[in-house]
């Protein structure tokens, strides 16, 4: 379960890209970092930042998160919808890896809103698929609903299974739900597709199908699929050989083939070495059961190994828990920094608003002073007209954000509101300007008399 679930994440992560062309353009992390330093076009920078998020996903979660956040902020700043979607999915996948399901779902739902307006079926299918994986960690049924939505989009848009292996995802979800017939249906669809197209998911699919048949009590078919998974993975290496060896060992133990059980359990230990405590625990427990009644020293050895692996797993879980808290702190600090940036922007805007208000009032006061000193009426007229223009344009600036918010960013509603505002403000502005000019003319007549 653990490795297969990790494999799902890897598959999902590998398809959260912009295009194969861009992946070939920037094949290594170093080249991505270099490209980021020299790239000037903002949309290209967003693409590179998303690829960097993906590249550092499993190696440095902190760095991956920072790249993803920078990409998402830049995409939002330039209103680059595709970049917001891809960065959103990349970041949410990272959050899921750190067991931050709530934050991942929150980000994905926002991303989904953008995706629905953007109208790209492939991106929409990936967003639904990621939502399915996110909800699936808490509620299999809700997760399945989103995976089925993704499947419907894929079928309607005729997107290739090579691009988005949705049948594999649905099969895994049904397997976890215990609905084995449905799991087999979707896993078999992916398996047949994988055999035709030679995509890398075939070994994991065969392993999952073997596990389903084992649960159903069909040992010969389970064994056949485990052997297929092993054979395929010998040329298309993904990190599931340890799981395959364990499953093979369990099958042979059930059929009372002691030597084959020992062989595959030891192969599993050799395969993972110290990289997977879960596999070590299962393999050593299997060997303990084999030697329990026939070889006490070996049984003791594997019992100790089982206990040590179990303790290491517990420590690893605690370490991940601490890592999750650390990651939460990183996110919290990032949110604080964003809030501070917003406060700085708001503060700067407020200062500018105050400066404009003071300037307009100064212009009006200057006009009053000059009027009392009986200066040239043309100067008074010029000051009055400029003051009125500044005043009404300033009102437009202040009211525009409220209009945009009221219109919910709808261009038609925004246009209608601006037309209504103009129909009210323009006559007032015209009346004020006409009255000002009449007043200045009266002053000029008085001066000439």
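Each value in this text was obtained by applying a stated rule to the coordinates, not by laboratory testing. Since this is a predicted model, take the numbers as computed values, not measurements. When we count neighbours, we look across all protein chains shown, and the Cβ atoms used for this are built from the backbone with ideal geometry, even at glycine.
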Exercise for the section: Order the peptides 139-152, 74-87 from the highest to the lowest mean number of other Cβ atoms within 10 Å of their residues. Expected result: 74-87, 139-152
Completion exercise
The extension gain from residue 289 to residue 148, computed as 0.36 nm times the residue separation minus the Cα-Cα distance, is 46.6 nm
Handout entry: Descending semi-axes in whole angstrom, ellipsoid equivalent of the stretch 131-173, from the Cα gyration tensor
Key = 19, 10, 7
Practice task
May I ask you to derive the FRET efficiency for residue 117 and residue 215 from their Cβ-Cβ distance with R0 = 30 Å, giving the value to the nearest 0.05?
Solution key: 0.10
Practice task
Round to the nearest 0.05 the FRET efficiency obtained for residue 390 and residue 33 when R0 = 41 Å and r is the Cβ-Cβ distance.
Solution key: 0.30
Practice task
Return 29, 256 ranked ascending by Cβ neighbour count within 10 Å, so the fewest neighbours appear first.
Solution key: 256, 29
Practice task
Please tell me the relative contact order of the stretch 175-231 in percent, rounded to the nearest whole number, where contacts are Cα pairs under 8 Å and at least six residues apart.
Solution key: 30
Practice task
Could you compute the FRET efficiency for residue 343 and residue 431, with r as their C-beta to C-beta distance and R0 at 41 Å, rounded to 0.05?
Solution key: 0.55
Practice task
With an 8 Å cut-off on Cα pairs and a minimum separation of 6 or more residues, tell me the relative contact order of the stretch 52-191 in percent.
Solution key: 15
Practice task
Return 127, 290, 202 ranked ascending by Cβ neighbour count within 10 Å, so the fewest neighbours appear first.
Solution key: 290, 202, 127
Exercise for the section: Provide the gained length on full extension for the span residue 139 to residue 365, in nm with one decimal, where the gain is 0.36 nm per separating residue minus the Cα-Cα distance. Expected result: 74.6 nm
Handout entry: Average projection area in nm² (convex hull over Cα atoms of the stretch 155-205, one quarter of hull surface)
Key = 3.4
